[in-house]
Amino acid sequence: MKTSLFASALLLSAAVAFAAEGTSPVHVANRIRAEYDSNVYQAAEDEKDSLNIYEEIELSLNLVGETSFLGLRYRPNVICYTARDDHKTDLYHDLDVNLSQQFGPTVTFGLSDQLRAGQLPAVEDDDYRVRSDDDNIYNSLLATLAIQLQPSTRLDLSGRYRFLKYGEDEGHESDNYRAWVAGASLRQVLGSLTTVAVDYRYQDFTYNDAPKGSERDNTTHYIGGTIERTFSPELLGSLRAGASIRSFELDAYDDDTSPYVDLSLSLLPSPRTRLTANVGYSVSESEVSYYMTENRLYASLHLAHELTKKLSLYASAGCELNKYDDKYLVGESQGDLDDKDSSYYASARLSFQVLRNNWLEIGYQFTGIDSDLRTEYDRHRVNAGWRWQLF
């Protein structure tokens, strides 16, 4: 956790320096909350409930220049469990770094890094996911270059490196991976309400620690297009669609060509309300290590609503339905033509501003897995806490 400790020290040092001058781009917030957890071990039977205490500090730095921006946010989080037989305390780390630099009027460079470490579900940043609870480190480094070719034409180039690594005692060595991604998108503005784009992306996945004969290494080409449309000031929409062409490292598996589609709609009925819906289908990397790929259908819904000047509501729900093809079984694994795996998520949170820099928060979360391939469970969590902005 050297990176996280360095980020913490850097932010605190900057806070002291700028505070001495009376102005500070550094902000520090603290959040503490108590939570009732109905299924702390995510078990299918003999569920065990627990009272959990969360303590989270958020350190952020925002430096704005004439042609540049640097943003840094670090959130260490300690959780204490009253009902766990072991591992009664967990420490999580969330680190986000964003850099933007403009080179003249037509070229902009961006660099961002996202680090997640701890005993958290291995949620990736592409789409909604719910995974089993395991120690892991996930990192995603993204570089982008935007070139304005014409007033209405832009070329976007990008490269990404990401990896996921589980703890040595978790039994998930076959799931450790690293991935290289490169892409290009040519965007054209049509009038003032519509933007279209032609997209290409290349992806190389390597599973570093998989046993010989069970490697899921593959390369994929994504070719498609995007349409973004402003239907009215209150309704925005986008559609991505195309085809993915996947080749596997092991000769025993045939290449796979499949469609992908992603539809997103954002509704803003008033300045105080935003509702976003998303639905899509794709063939992607399998979440279970004895299948190469999964046929994935997903949907999500997010609501942000300001009830009053001091009271806000945030709610979201999502589901992911996966189906597996036995011709993409790994090694000697045994599967079934009807193997399915589904996950569900719902949450709601109320935030009430008590004082200028103090908020009272109450929330509810539900996660559930219905699967032929891994442990099924339902988990309900209710929490209440206090958040205050220190500076």
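Data table
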| read-out | value |
| --- | --- |
| Among (1) part of a strand (DSSP E or B); (2) out of contact with any His (no Cβ under 7 Å at 6 or more places or on another chain) - the single one Asp209 does not satisfy | (1) |
| Answer from Val382, Val330, Val354 - the residue that is more than 28 Å from Val40 (Cβ to Cβ), out of contact with any Pro (no Cβ under 9 Å at 6 or more places or on another chain) and modelled with pLDDT of 95 or more | Val354 |
| Hits in segment 259-292 (condition: within 14 Å of Gly224 (Cα to Cα), exposed (fewer than 15 other Cβ atoms within 10 Å of the Cβ) and not aliphatic (A, V, I, L, M)) | Pro259 |
| Matching residues in segment 166-206 - criterion: being of a type in the set (D, E, K, R) and outside any strand (DSSP E or B) | Glu168, Asp169, Glu170, Glu173, Asp175 |
| Filter result for the condition that a residue is touching a helix residue (DSSP H, G or I) at 6+ places or on another chain (Cβ under 8 Å), acidic (Asp, Glu) and touching a residue at least 24 places away in the same chain (Cβ under 8 Å), over Asp204, Asp175, Asp209 | Asp209 |
| Test result for Val189, under 30 Å from Ser266 (Cβ atoms), touching an Asp or Glu at 6+ places or on another chain (Cβ under 9 Å) and among the aliphatic types (A, V, I, L, M) | no |
| Output for segment 333-351, where each listed residue is of a type in the set (Gly, Ala, Ser), closer than 24 Å to Tyr298 by Cα and either modelled with pLDDT of 90 or more or surrounded by fewer than 17 Cβ atoms within 10 Å (Cβ to Cβ) (or both) | Ser342, Ser343, Ala346, Ser347, Ala348 |
| Of all residues in segment 74-96 being touching a Lys or Arg at 6+ places or on another chain (Cβ under 9 Å) and among the hydroxyl-bearing types (Ser, Thr, Tyr), the one that is surrounded by the fewest Cβ atoms within 10 Å (Cβ to Cβ) | Thr82 |
| Listing of strands (runs of 3 or more DSSP E) fully contained in segment 216-321 that carry 1 or more residues being among the acidic types (Asp, Glu) and modelled with pLDDT of 95 or more | 218-232, 256-270, 293-306 |
| Qualifying residue in segment 196-204 (condition: out of contact with any His (no Cβ under 8 Å at 6 or more places or on another chain), surrounded by fewer than 16 Cβ atoms within 10 Å (Cβ to Cβ) and closer than 28 Å to Thr153 by Cβ) | yes |
| Residues being closer than 26 Å to Trp386 by Cβ, surrounded by 14 or more Cβ atoms within 10 Å (Cβ to Cβ) and of a type in the set (A, V, I, L, M, F, W, C) - total across segment 43-73 | 5 |
| Number of positions in segment 205-222 that are of a type in the set (Asp, Glu) and either surrounded by 15 or more Cβ atoms within 10 Å (Cβ to Cβ) or under 19 Å from Ser282 (Cα atoms) (or both) | 2 |
| Count of segment 372-382 residues which are surrounded by fewer than 18 Cβ atoms within 10 Å (Cβ to Cβ) and assigned to a strand (DSSP E or B) | 3 |
| Failed item in (1) assigned to a strand (DSSP E or B); (2) surrounded by 14 or more Cβ atoms within 10 Å (Cβ to Cβ), with Asn39 passing the rest | (1) |
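The values are calculated or read from the model by the stated rules, or taken from the named source; none is laboratory data. Note that the coordinates shown come from a computational prediction; the quantities given were computed from them, not determined experimentally. Note that each Cβ is placed from the backbone with ideal geometry, even for glycine, and that neighbours are counted across all protein chains shown.
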